[in-house]
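A short worksheet on the structure shown next.
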């Protein structure tokens, strides 16, 4: 078989693996769109958080003349910004320009704290990763070594360090900056072993993923690796950082070194937050005071990137973010007395119709990162006519976890013309069942979204 056919088959296999692992994302109450909380209204891009005792320490890309920003909190919601620069001096290898210092990563190695940061290498004129250490998370961090930790100049340099530990070993994740400097190279996210304090690499890098999805455009970056429910989950950002197209995706693997299968859709986008956050990216995962995971990330606000936080759940090991809509195709739902048909105008080329009998029902299994009110958006088509032959509205009955929740109302659209109807539903943490069943007249279903 030709190599190109093997590659295509392998990519299809990865896509199927991702789909198998993860989500394919009275008068009704008005739908609510609960945006993720803005927890620090300040330019605080590429956040990284480490906990020391009862205090959370956040670090971010340069701003206001500081190489690295620092803020503290006890609850992840209320933050105090540090006026000082916790990295007052760069390594001797770096160009002394605060505006070229990016994406710090800080961790406790048991004998103090290590910071891995991105700065401009004097020798190669590329962004590269350096190291600094401090006895305290409050700093000051002092540079270690006279050369960068990682600096593949021929591949565009290295940026966006993050750390992962398992089995008593530490690894650094990083991106080769192949999209910089008109190089036109691929951008790969790498995994590389280091010493426990992160000041030396101890093995060769392994390539994990590169840009290959339309939404990623010309780059992937900002890796964050966690392990949940037996899955290695690699979160990353992609597309141009300076606009609404910037977004966060993820890939999953059963093995640390891969292969990693990308999810079929991004995890967080401007659209998935209904415009409430613009260009969500630069993410980190942190466990809150209550022992539950949160995702922190930046989004554009004016000329800066402010800090947001959202509840983070794991649907069989795959991430779900509170407030970021997840799409569930109707043809993948459990159907009773209903049928799938080809529908070229529908989002996946198929839809569910014949929801015509008293016992007709379409049941969706959906996941909520946390309990409470969630926005439900139903994409439908309604070509019903009343007894006089005039266009007429239709409904489906709605139930949530077996409890009647009223009706979803569908204005007339004509068959094959798809629109969305929104509702608010109350979900429990974890898996829930949303069912749409025969109501008045007739409507077909394309998909639902839950945010």
- prompt: Pick from 46, 75: which is crowded, with 17+ Cβ neighbours inside 10 Å and assigned to a loop (DSSP other than H, G, I, E, B)?
  reply: 46
- request: Kindly check whether there is at least one residue in segment 127-137 that is surrounded by 22 or more Cβ atoms within 10 Å (Cβ to Cβ), modelled with pLDDT of 95 or more and out of contact with any strand residue (DSSP E or B) (no Cβ under 7 Å at 6 or more places or on another chain).
  value: no
- request: With the condition kept exactly as written, say whether any residue in segment 91-110 is in contact with a helix residue (DSSP H, G or I) (Cβ under 6 Å, 6 or more places away or on another chain) and at positive phi.
  value: no
message: Looking at residue 165 and the list (1) in a loop (DSSP other than H, G, I, E, B); (2) surrounded by fewer than 24 Cβ atoms within 10 Å (Cβ to Cβ), which single condition is not satisfied?
response: (1)
- line: Note on segment 260-269: residues outside any strand (DSSP E or B), more than 11 Å from the chain's Cα centre (by Cα) and modelled with pLDDT of 95 or more are 260
- prompt: In the list 346, 394, which residue meets the criterion of being more than 29 Å from the chain's Cα centre (by Cα) and not assigned by TED's automatic domain parsing to the domain that holds residue 228?
  reply: 394
task: Out of 362, 450, report the one residue that is buried (at least 17 other Cβ atoms within 10 Å of the Cβ) and closer than 19 Å to residue 338 by Cα.
output: 362
- request: Considering each of 99, 83, 125 in turn, give the residue that is assigned to a helix (DSSP H, G or I) and more than 25 Å from the chain's Cα centre (by Cα).
  value: 99
- request: Filter segment 78-100 for residues that are surrounded by 16 or more Cβ atoms within 10 Å (Cβ to Cβ) and within 18 Å of residue 199 (Cβ to Cβ) and give the result.
  value: 86, 87, 90, 91, 93, 94
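The values are calculated or read from the model by the stated rules, or taken from the named source; none is laboratory data. Here the structure is a predicted model, which means the values were calculated and not measured. Glycine also receives a Cβ, built like all others from the backbone with ideal geometry; neighbour counts cover every protein chain displayed.
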